[in-house]
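Before any comments, here is the structure.
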Amino acid sequence: MKSKLKTLVRTGFLAIMLLEFSVVEMLHAQNAAPENISVFSTGDYHEVMARKNAEDSVWKGYTAKTIDKMKGFHSSKDPKPNAYGSWISFKTKATGFFRTEKINSRWWIIDPEGYPFIHKGVAVLSPGTSKNQEKAFNSKYKNRENWISAESKFLKQNGFNGSGAWSNVDAIRESKKPLVYTVIVSPMGAYKSQHLKKFSGRYEEAGWQGFRYDLAMVFDPEFDQFVEREISKIQKYKDDKYLLGYFTDNELPWVDDALDRHLKKLGKEEAGYIAAKKWLDKRKNKNASIEDITDEDRQEFTGFYFETYMKKVTAAIKRFDSNHMYLGCRFNQAQDELDNPKIFEVAGKYMDVISINHYQKWEPEQPVLSNWINWSGKPFIITEFYTKGEDSGLPNKTGAGWNVPTQKERGYFYQNFIIELLKSKGCVGWHWFRYQDNDPENLETDYSNRDSNKGILSSSYDYYMPLMENMKTINNNVYGLIQFLDSGR
């Protein structure tokens, strides 16, 4: 069978024969997809074999577009970048800090000097903390100054210009040529730890993020203290021109049935129950019950519930730093907030940019992206996405990203994803998740980040160059690609 497959590859009929042979079962048995049968050409683009994780027996073929195969597009060097990584092309109003502007139907970030900017970043740009990682770090870089200097230079050489959430902001700011960075503060995350103490450290029921009954406790008066305390920490960044903006919290549970949960699961003396009951009674003009609730009520309540959070955090951000953008609270749930028009309507009132962690899809879907823009009236940035390579030597059993056979296919995935993002005129950036693979021997990390190839470099600081080469190719052609796509050719 093995020699037969190699013959099929050489004769170019693998695309057809994959449908006739149980190749995916063979790949699963080997727990890896060899490179010579993982990618084959279908028409103008690549076809990449992928599966959900290493325990999934089903490999499927997905199309991956790359710019070298795009008809009519000719790769050329993008306009010269300035210190921020913006393009010295057209210029508009300079305010001294980053902002957004819609120009000829496309959204842009505008840098402090007035030039157009797309944030091409890597999340968690920070050295690993396990003993193995510290040993490798000390051997390669010696100290933090050398590390940030080398990694900033490497990222810029590969077309990146920034960092995403959970990066080593202090090191970035100390750099002589800093990347454009973001800061995340977590008032609700901090309050969750305090809230748990009320219940002896354990909830009777919690969602996957660890919130009681999968509800963010936005109505609790105690939460207000954490909003003030956590967001006050941003004051030290308020004059920094290299700061893009702020995130608050990550993937909070804005569930569609929040009204039902507040009324069914919370005690009648709790602030959340009282707020939900008051809202429903006012809406129905009576002493309403659970049976009176409609789907329209549920959607409207999610807007009210979400806006309670938005009002509190944005008021604090403006109080402590009115210079920088608010990048939102990083939406994630495709079946809840990402298809809820009310959530996006509220987000558009308070956020400068809508931040979204994008998983479960091979590529962004244009109707969905259009909904986000139309519902909110604001641009968006993808703050997490990735694939895992089975040639990395890691188990790749955890995490939300797809498994693909090799680093080359990770690069194809990246190019395809970016092409689809830029077809939308509302996309102003993306952050690959993440900078470095976790050390699988480090059991102190959370389970979802323990054993998988998410990084652009390994746990021992070796770059995945086939991935990086593909990233560099498209990163250095983003401006030209935007012009090409907007021309309708």
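Here are the numbers:
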{"item": "Boolean, Phe223 is in contact (Cβ under 8 Å) with a residue 40 or more places away in the chain, more than 26 Å from Trp432 (Cβ to Cβ) and part of a helix (DSSP H, G or I)", "result": "yes"}
{"item": "Qualifying position, being open to solvent by 30 Å² or more (accessible area, probe 1.4 Å) and touching a residue at least 12 places away in the same chain (Cβ under 8 Å), among Asp352, Asp295, Asp281, Asp321", "result": "Asp352"}
{"item": "Complete set of residues in the range 238-250 that are crowded, with 16+ Cβ neighbours inside 10 Å and not β-branched (Val, Ile, Thr)", "result": "Asp240, Lys241, Tyr242, Leu243, Leu244, Gly245, Tyr246, Phe247, Asp249, Asn250"}
{"item": "Residue count for the range 411-426, restricted to those that are assigned to a loop (DSSP other than H, G, I, E, B) and of a type outside the set (Ser, Thr, Tyr)", "result": "2"}
{"item": "Test: Lys71 is among the basic types (Lys, Arg) and either more than 26 Å from the chain's Cα centre (by Cα) or in a helix (DSSP H, G or I) (or both)", "result": "yes"}
{"item": "Test: residue in the range 149-168 that is aromatic (Phe, Trp, Tyr), in contact (Cβ under 8 Å) with a residue 24 or more places away in the chain, surrounded by fewer than 20 Cβ atoms within 10 Å (Cβ to Cβ) and outside any loop (DSSP other than H, G, I, E, B)", "result": "yes"}
{"item": "Test: residue in the range 207-229 that is open to solvent by 50 Å² or more (accessible area, probe 1.4 Å), touching a Lys or Arg at 6+ places or on another chain (Cβ under 8 Å), at pLDDT 95 or above and farther than 27 Å from Ile354 by Cα", "result": "no"}
{"item": "Qualifying residue in the range 89-99 (condition: of a type in the set (D, E, K, R), at pLDDT 95 or above and either exposed (fewer than 13 other Cβ atoms within 10 Å of the Cβ) or more than 25 Å from Thr383 (Cβ to Cβ) (or both))", "result": "yes"}
{"item": "Filtered residue count, the range 429-488, keeping only those that are open to solvent by 20 Å² or more (accessible area, probe 1.4 Å), of a type in the set (A, V, I, L, M) and touching a residue at least 60 places away in the same chain (Cβ under 8 Å)", "result": "1"}
{"item": "Residue that is most open to solvent (accessible area, probe 1.4 Å), among those in the range 100-122 that are closer than 28 Å to Lys153 by Cβ and not in a strand (DSSP E or B)", "result": "Glu113"}
{"item": "Options Glu365, Glu384; residue that is more than 11 Å from Ser452 (Cα to Cα), crowded, with 24+ Cβ neighbours inside 10 Å, modelled with pLDDT of 95 or more and among the charged types (D, E, K, R)", "result": "Glu384"}
{"item": "Per-region count, the range 254-278, residues open to solvent by 40 Å² or more (accessible area, probe 1.4 Å), under 31 Å from the mean Cα position of the chain (by Cα) and closer than 19 Å to Phe199 by Cα", "result": "1"}
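Condition check ((1) in contact with a Pro (Cβ under 8 Å, 6 or more places away or on another chain); (2) part of a helix (DSSP H, G or I); (3) among the hydroxyl-bearing types (Ser, Thr, Tyr)) across all residues:
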site: Ile343; (1), (2), (3): no, yes, no
site: Lys349; (1), (2), (3): no, yes, no
site: Lys378; (1), (2), (3): no, no, no
site: Asp391; (1), (2), (3): yes, no, no
site: Glu409; (1), (2), (3): no, yes, no
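The values are calculated or read from the model by the stated rules, or taken from the named source; none is laboratory data. Please read these numbers as outputs of a predicted model, since none were measured by experiment. No Cβ is skipped: glycine too gets one built from the backbone with ideal geometry, and neighbour counts run over all protein chains shown. Ligands, DNA and RNA are stripped out before the accessible areas are found, and what is left, the full protein with its side chains, is counted by its heavy atoms. Shrake-Rupley method; radii C 1.70, N 1.55, O 1.52, S 1.80 Å.
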